[in-house]
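Enquirer: Please see the structure below; I have some questions.
The values are calculated or read from the model by the stated rules, or taken from the named source; none is laboratory data. Treat the numbers as computed from the prediction; the structure is a model and nothing was measured. All Cβ positions, glycine included, derive from the backbone under ideal geometry; neighbour counts span all protein chains shown. For accessibility, only protein heavy atoms count, side chains too; no ligands or nucleic acids. Shrake-Rupley method; radii C 1.70, N 1.55, O 1.52, S 1.80 Å.
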Amino acid sequence: AASDVYKRQTEKEESERMRREFTANVSHELKTPLTSISGFAELIESGMAKPADVRKFASKIHTESARLLTLIGDIIMLSELDEAPKRELEAVDLCPLVQKCTERLQAAAERAEISLSFDGESVPVLADPAQMEDLVMNLCDNAIRYNRKGGSVAVTLKRVQDRAVLTVKDTGIGICLLYTSPSPR
């Protein structure tokens, strides 16, 4: 009983640490495009932008606004997941799920001139399959979308001790998220 209390307290502390880290990362991710938008708008408003540059600045404002909307959409989705009623978890092998996601995004990667690869092993976890698929699709789609032409996205899945470790590594602006889940018993 004492070990259960200790385990719950440790999980609660880890959850709070992850929440603080997430908030700090999101704040940084939101501040960057807002700073860019503000700077370009200020140049246009003050008349310092040459007429030939106004169209280019407007395009950059549009791009950064789209980036903000995507980030805000992701935040809303995460908050909805937090507030959603708890679903029953089931044993899911992440390997075919992640492979399916990368295959579905292959055409988008090719259009963006991004190399997309997946290397993984069978790793069963307790999870909601639909939420896991949404998570993987979102991470991979963002890694493609916020990358550079000729860049790459490498998705790996492996078992480390009794945990699944999914990594989405890209050559773009980057965002860090580590999800580990205990294997089903």
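Enquirer: So how many residues does region 112-151 have that are more than 13 Å from T167 (Cα to Cα), open to solvent by 40 Å² or more (accessible area, probe 1.4 Å) and either outside any helix (DSSP H, G or I) or modelled with pLDDT of 95 or more (or both)?
Expert: Selection size over region 112-151: 9.
Enquirer: Sticking with this structure for a sec: Among I44, I37, which is the only one that is among the β-branched types (V, I, T), open to solvent by 60 Å² or more (accessible area, probe 1.4 Å) and at pLDDT 80 or above? Steps first, please.
Expert: On the way: I37 fails: open to solvent by 60 Å² or more (accessible area, probe 1.4 Å).
On inspection, the qualifying residue turns out to be I44.
Enquirer: Determine which single condition V54 fails, assuming it passes every other condition in (1) surrounded by 11 or more Cβ atoms within 10 Å (Cβ to Cβ); (2) under 24 Å from C140 (Cα atoms).
Expert: Only one criterion is unmet by V54, namely (2).
Enquirer: In region 102-113, what count of residues is obtained for those that are of a type in the set (A, V, I, L, M, F, W, C) and in contact (Cβ under 8 Å) with a residue 40 or more places away in the chain?
Expert: 1
Here is a yes/no grid of residues against (1) over 25 Å from the mean Cα position of the chain (by Cα); (2) more than 30 Å from E64 (Cβ to Cβ); (3) touching a residue at least 12 places away in the same chain (Cβ under 8 Å):
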site	(1), (2), (3)
D4	yes, yes, no
K7	yes, yes, no
R20	no, no, no
E42	yes, no, no
